[in-house]
Structures are given as structure tokens and as C-alpha cells.
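Bear in mind that the values in this text are calculations on the coordinates, not laboratory data. Given the structure is predicted, the values throughout are model-derived calculations rather than measurements. For neighbour counting, all protein chains shown are included, and Cβ atoms are generated from backbone atoms with ideal geometry for every residue, glycine included.
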Amino acid sequence: MIAIYPGSFDPITLGHLDIIERGSHLFEQIIVAVLCNPSKQPMFSVETRLAQIQRCTQHLTNVKVDSFMGLTVDYAKQQQATVLLRGLRVLSDFEKELQMAHTNQTLWDGIETVFLATAKEYSFLSSSIVKEIAKFGGNVNHLVPASILDDICLYYR
Ligand code: PNS
């Protein structure tokens, strides 16, 4: 079974990486799919985010990294994936995630959303929190994969 793990990953965090690693034990293949969203002004370009995710998932042989535009279900169909993988951190995630899962199911009933509970130590963590801390010169070593730290330092230098 092929699972898509869609998201913005701007930037990828240790919470995302934990979901990818655990998901890679559950599915034949995981495709980490970075959404190209022209209406958002990201910190890192899609190309940079792809490179960052590739660097920190290279130890996982059944993980592929890609980008897509448009609807996630259309991309899933194109990749012959039948599962959307998402992490759930806290109760406040649930409403948005449930709405997305239901919406996606109305668009294509061949898709199932599978939620993994985020590891306890990352339940507070988001890409926005990382950006907020890094912007003010704080330490994010414990929040993102070591291989992307240089990119973050360079961005705010
Ligand atoms: O990391 P994020 O920003 O929480 O990821 C959200 C994402 C990319 C999974 C979601 O916005 C998405 O699937 N966007 C693609 C457009 C789409 O398919 N919309 C219908 C589902 S609500």
C-alpha cells in the first residue's frame, strides 16, 4: 500500500520526521509530498524543502520525496496511493484534520486518511514555532533535523 504524507514542510521538523519514520514501517512506500502553494510566501522554496526532506530521510529506503500542485487526492490517484498519512498532535488539530479527511473522501472515495499520534515530545512542535524561535535567534537544534540547521542559520543571518 502506498501512502502520501502531504504538507507544507516549511521547514520539516523532528515531529514530521517521526511520522515519516513510523509510517515507513506501516506502508510499502511513503511519498512525502510538498504542496506548491503559489498563494503562500514560504520561508524556503519548494526545491529547498525537497532537498531538506531528502537529506533527512535518506536512511529510509521506502520513502520518496516529491512536490505537487492542486488537490491532494488528484496527486494521490496519479501516484496510485490509497492512503493519506497525517500526524495528530493535540485536540485543536482534530477539527481541521477531520474536515480535511472528510473533504478528501467526498472528492475521491478511494482514499483513506490514516492518523498517527505525534510523539509526546513533539506535541507542541510546528514549522511556525520553529520559524518564530529562529527569527529571534533562539536555538532550534532540538526541533529540526540536524541536516537542515545550516539552512535556517543562513536564512536569518
Ligand atoms: O502541512 P500543512 O500545511 O498542514 O498541510 C496541509 C495540506 C497541504 C495537506 C492541505 O492544505 C492540502 O491537502 N492542500 C491541497 C489542496 C487540497 O487538496 N484541498 C482539499 C483538502 S482540504
Original post:
If each of Arg22 and Ser123 carries a label point 7 Å out from its Cα toward its Cβ, how far apart are those two points in nm?
Top reply: 1.2
Original post:
With a ≥ b ≥ c the root eigenvalues of the C-alpha gyration tensor of the stretch 1-81, is it rounded (a/c under 1.5), prolate (a/b larger than b/c) or oblate?
Top reply: oblate
Subject >> Selected from Gln79, Gln52, Gln41 as most flexible by GNM, with the chain as the system and alpha-carbon contacts under 10 Å >> reply: Gln41
Original post:
Sorted by packing (mean other beta-carbon atoms within 10 Å per residue), highest first, where do 145-155, 7-17 land?
Top reply: 7-17, 145-155
Original post:
Using the Kirkwood formula over every pair of different C-alpha atoms, what hydrodynamic radius in Å results for the chain?
Top reply: 16.0
Original post:
Over what distance in Å are the Cα centres of the stretch 1-52 and the stretch 55-95 separated?
Top reply: 6
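Taking 0.36 nm per residue of sequence separation and subtracting the Cα-Cα distance, how much length would be gained by fully extending the chain between Asn62 and Leu88, in nm to one decimal?
This chain segment gains 7.1 nm when fully extended.
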Subject >> Distant alpha-carbon pairs in the stretch 92-150 (separation over 16 angstrom), percent >> reply: 59
Original post:
For the chain, what is the mean residue ellipticity at 222 nm derived from helices alone (per DSSP H run of n ≥ 4: -39500 (n - 2.57); sum divided by total residues; nearest 500 deg cm²/dmol)?
Top reply: -12000 deg cm²/dmol
